[in-house]
Structures are given as structure tokens and as C-alpha cells.
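Colleague: What follows is a single structure, and I will ask about it in a moment.
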Amino acid sequence: MIKIICSGKLKEKYLIDLVDDYLKRIKKYHKIDLIEIKDENSLEKEKESILKYIGKNDYVCVLDINSEKLNSVQFANFIDKTFLESGTITFVIGSSLGVHEDIKKMADKKLSFSDMTFPHGLFRGMLLEQIYRAFKINNNETYHK
């Protein structure tokens, strides 16, 4: 299973459509759950909300700007290898405040998609697109470049 824990609800229709489209595409390959927690004004409150959704045996991957970067093939390999070792990959996308240090410390992996900052709704779509691309790569299926 894949879980994506993120802060706040999307309001923009184009982002909702983007996220829904990729969730539908991914569900053809694997079970995925997008968990939207309340957008808090405190990292401590946000941490507590996030921890409620992380299972004891989850492989936790925090998305953090100051972390390792992978290309799409490396990301696909990471997804494939992690599913062999763990039943659930949980991705954590922090709020505009970032991600609490305790969550970062408990993470099995920290990834960055870029040195740039992206709006959170758009980044959800980007993460979902890369997960979908990973399934296409891992299944030797064609997908646009």
C-alpha cells in the first residue's frame, strides 16, 4: 500500500482534477490512500496528526527540500525495492511550516524533488505523477518522456 500524508485540503479545481486523475491511474497498479490532515499553525500539532497515520511497519519517506534527489528510474527502483522489503510506503508532505524534526528523524528515507519550492497542491500532483511513472517503468510500459 502507498499512503500519502499531506497538510490541508485542496481548493483549486484544476489541482483536485490533477490529483484525482493520478490517483485513479495508480489504483490500476496498487492500492493508494491520500490522507489530508488539518492544516495547523504548529509543527507540534501537525506532528501528532501525522503520527496517527503512520503504521509501526510503514516505510516512511519524508519529502524535504534539503534531501537526496533521484531521477525517475532511480525513484522507480526505490519504489520496487521498498515494496519487496515493506508492505507500505508512507510519503509525508509537510505544510508551509515544513516537517517536524521528530518525523524527519523517524523517516527511513528523505527525498527532494528539487531545490525549488512548489505550492503544496501542485507538489501532490508531481509526487503522484512520479509514482505513476514508477509503475509504468517497473512494468516496462511506455509513458511519455
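The values are calculated or read from the model by the stated rules, or taken from the named source; none is laboratory data. Since the structure is predicted, the reported quantities are computational estimates derived from the model, not experimental observations. Neighbour counts run over all protein chains shown; Cβ positions are idealised from the backbone, glycine included. Ligands, DNA and RNA are excluded from the accessible area calculation, which covers all protein heavy atoms including side chains. Shrake-Rupley method; radii C 1.70, N 1.55, O 1.52, S 1.80 Å.
Every residue, every condition in (1) out of contact with any helix residue (DSSP H, G or I) (no Cβ under 8 Å at 6 or more places or on another chain); (2) under 21 Å from Ile89 (Cα atoms); (3) of a type in the set (S, T, N, Q), yes or no:
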| residue | (1), (2), (3) |
| --- | --- |
| Leu15 | no, no, no |
| Glu36 | yes, yes, no |
| Asn41 | yes, no, yes |
| Lys45 | yes, no, no |
| Ile50 | no, yes, no |
| Tyr53 | yes, yes, no |
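Colleague: What's the total number of residues in region 103-137 that are touching a Lys or Arg at 6+ places or on another chain (Cβ under 6 Å) and either within 20 Å of His30 (Cβ to Cβ) or among the charged types (D, E, K, R) (or both)?
Modeller: Count: 1.
Colleague: Which one is modelled with the lowest pLDDT among residues in region 121-139 that are open to solvent by less than 40 Å² (accessible area, probe 1.4 Å) and closer than 17 Å to Leu10 by Cα?
Modeller: Gly121
Colleague: Considering only region 44-88, state which residues are exposed (fewer than 11 other Cβ atoms within 10 Å of the Cβ), in contact (Cβ under 8 Å) with a residue 12 or more places away in the chain and part of a helix (DSSP H, G or I).
Modeller: Once the filter is applied, which keeps residues that are exposed (fewer than 11 other Cβ atoms within 10 Å of the Cβ), in contact (Cβ under 8 Å) with a residue 12 or more places away in the chain and part of a helix (DSSP H, G or I), region 44-88 yields Glu44, Glu85.
Colleague: Can you tell which of Phe118, Phe91 is closer than 18 Å to Cys6 by Cβ, open to solvent by less than 50 Å² (accessible area, probe 1.4 Å) and either out of contact with any Phe, Trp or Tyr (no Cβ under 8 Å at 6 or more places or on another chain) or at pLDDT below 95 (or both)?
Modeller: Selected residue: Phe91, the only one of Phe118, Phe91 that is closer than 18 Å to Cys6 by Cβ, open to solvent by less than 50 Å² (accessible area, probe 1.4 Å) and either out of contact with any Phe, Trp or Tyr (no Cβ under 8 Å at 6 or more places or on another chain) or at pLDDT below 95 (or both).
Colleague: Return the residues of region 28-43 that are modelled with pLDDT of 95 or more and either surrounded by fewer than 11 Cβ atoms within 10 Å (Cβ to Cβ) or of a type in the set (Phe, Trp, Tyr) (or both); say none if nothing qualifies.
Modeller: Listed by number, the residues that qualify are Lys28, Tyr29, Lys31.
Colleague: All but one of (1) closer than 25 Å to Leu10 by Cα; (2) free of Cβ contacts under 8 Å to residues at least 60 places away in the same chain; (3) touching a Lys or Arg at 6+ places or on another chain (Cβ under 6 Å) hold for Tyr143; state the number of the condition that does not hold.
Modeller: Single failed check for Tyr143: (1).
Colleague: Sort out which residues of region 17-34 are more than 24 Å from Leu51 (Cα to Cα) and either in contact with a helix residue (DSSP H, G or I) (Cβ under 7 Å, 6 or more places away or on another chain) or outside any helix (DSSP H, G or I) (or both), and write them in order of number.
Modeller: Answer for region 17-34, where residues must be more than 24 Å from Leu51 (Cα to Cα) and either in contact with a helix residue (DSSP H, G or I) (Cβ under 7 Å, 6 or more places away or on another chain) or outside any helix (DSSP H, G or I) (or both): Leu18, Tyr22, Arg25, Ile26, Lys27, Lys28, Tyr29.
Colleague: Just checking, does region 118-126 include any residue being in a loop (DSSP other than H, G, I, E, B) and in contact with a helix residue (DSSP H, G or I) (Cβ under 9 Å, 6 or more places away or on another chain)?
Modeller: So far as region 118-126 goes, yes, one or more of its residues are in a loop (DSSP other than H, G, I, E, B) and in contact with a helix residue (DSSP H, G or I) (Cβ under 9 Å, 6 or more places away or on another chain).
Colleague: Consider Leu97 carefully, then state whether it is hydrophobic (A, V, I, L, M, F, W, C), in contact with a Leu (Cβ under 6 Å, 6 or more places away or on another chain) and in contact (Cβ under 8 Å) with a residue 24 or more places away in the chain.
Modeller: For Leu97, the condition - hydrophobic (A, V, I, L, M, F, W, C), in contact with a Leu (Cβ under 6 Å, 6 or more places away or on another chain) and in contact (Cβ under 8 Å) with a residue 24 or more places away in the chain - is met.
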